[in-house]
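Below: the structure, in structure tokens.
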Amino acid sequence: MTDPSGDEVETTGRRKTATIVDVARQAAVSTATVSRVLNGNYPVAAGTRDRVLHAVDDLGYAANANARALVRAGSRTIGVVILEIVDPFFGYILRGVERATTSSNRVAMVASTGGDPERKIELLDRMTEQRADAVILVGGSHSDRSYQRRLADRARTLDRMGSVLVLCGHPPMPSTIPARCATYDNEGGAFAATEHLLAHGHRHIVHLAGPSGLSTSDDRVDGYRRALRARGVEPIRDLVRPGRYNRVSGYHRTQAMLAEGLHFTAVFAGNDGVAAGVYDALDEAGLSVPGDVSIVGYDDTPESTELRPRLTTVHVPLEEMGREAVRVATESADSYSRQQSGTVMLGTYLVPRDSVAAPRSG
């Protein structure tokens, strides 16, 4: 049987499954608002959306199967949310996404957040409203619990619509959340970078990290510290310097360290752009690479081979990760569930070049 809204109602003895009316009553909204949240076809305030999604989960409400089937017919569009379009890290991932969507006769719809977590949620909602076949979030995760809860709510909404949330270069979510993941060994790459410097005899290694609270940055800090401890070197708090992942930030942080008189013989830069900024500041100060300071970067973007001396860095399979994100987005749920871990994890490795040497004595 059906309720007046057209949703199916099943009865088992004296108990019936939840209806859209039950959801609306618990969330203190109209049934039209519930429909808008579930269908993603009209803007709804974030607080209202959250109340509706929590009521749906609490009551175990399942939308009309016919409506879900219509959504599954597909838009042939995949939404992609990234931090910054001009950043090579995201650019190479996008190239992999674009090639994979083209080969599967789909179109990628791309938007950038500028690093704003609220903007990320807003764009995810808008792409849901566009009924994308999948939405791929590219980049690290924020540790804020409210952000994590809202991201989980959006994953459930997409799942109810017959779509899917894919995390790319992002830690996997708990197995209870219907999201897929294509990522890389971020911490392992940081361990390899730091170990390479340690193997050359460095003990005072600065890590110019990314923003605190971002999984990409936090994982690299963890890999850096793990490598130090494996060699019996206790990490020093002052040698971890968080900041933005760009050349200007690397330049200013290096200037500040030199002005402070901080003792260091090597730098593990959070990415290749940061490493380029370190080069600039050291050159300005009359210091050489690797004669005075050794440097290792991360990502292996073209910038790493354009620097002189060429930069030792950690290779991340960026384009492959973009292709994998589309693959896991478009394969069937049954096929994906058969994967042992539920997550595609790509390897990273160190690319030795010319920017590392043993520290000068004294």
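The values are calculated or read from the model by the stated rules, or taken from the named source; none is laboratory data. On a predicted model such as this, the values are computed, not experimentally measured, just so you know. Note that each Cβ is placed from the backbone with ideal geometry, even for glycine, and that neighbours are counted across all protein chains shown. What goes into the accessible areas is simple: the full protein's heavy atoms, side chains included, and nothing from ligands, DNA or RNA. Shrake-Rupley method; radii C 1.70, N 1.55, O 1.52, S 1.80 Å.
What the table shows:
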item: Residues of the chain: accessible area per residue with a 1.4 Å probe, Å²; result: 46
item: For the range 125-222: rounded, prolate or oblate by the Cα gyration tensor [a/c cutoff 1.5]; result: prolate
item: Modelled FRET efficiency - R0 30 Å, Ser103 with Gln130, Cβ distances, 0.05 increments; result: 0.85
item: For the chain, calculated [θ]222 nm from helices alone, where every DSSP H run of n ≥ 4 adds -39500 (n - 2.57); result: -14000 deg cm²/dmol
item: Fraction of accessible area attributable to carbon and sulfur, the chain (%, probe 1.4 Å); result: 49
item: Amide H within-cut-off set for Ala108, under 5 Å, with H built and near neighbours excluded; result: Ile78
item: For His207, residues with placed amide H under 5 Å, excluding near neighbours; result: Val240, Arg241, Phe268
item: Amide hydrogen neighbours beyond the local backbone of Val314, cut-off 5 Å, H modeled; result: Gly297, Tyr298, Asp299, Asp300, Val351
item: Among beta bridges that DSSP assigns inside the chain, antiparallel share in %, nearest 5; result: 20
item: Fully extended contour minus Cα-Cα distance, from Leu262 to Asp57, at 0.36 nm per residue; result: 68.5 nm
item: Karplus (6.51, -1.76, 1.60) ³J(HN,Hα), θ = phi - 60°, over the range 106-112, in Hz, Gly and Pro reported as x; result: 10, 10, 8, 10, 10, 9, 10
item: Relative packing of 44-53, 235-244, 166-175, which averages over residues the other C-beta atoms within 10 Å, highest first; result: 166-175, 44-53, 235-244
item: Most positive-pole-ward Cα, Ala192, Met161, Gly223, against dipole of the range 146-302 from beta carbon charges; result: Met161
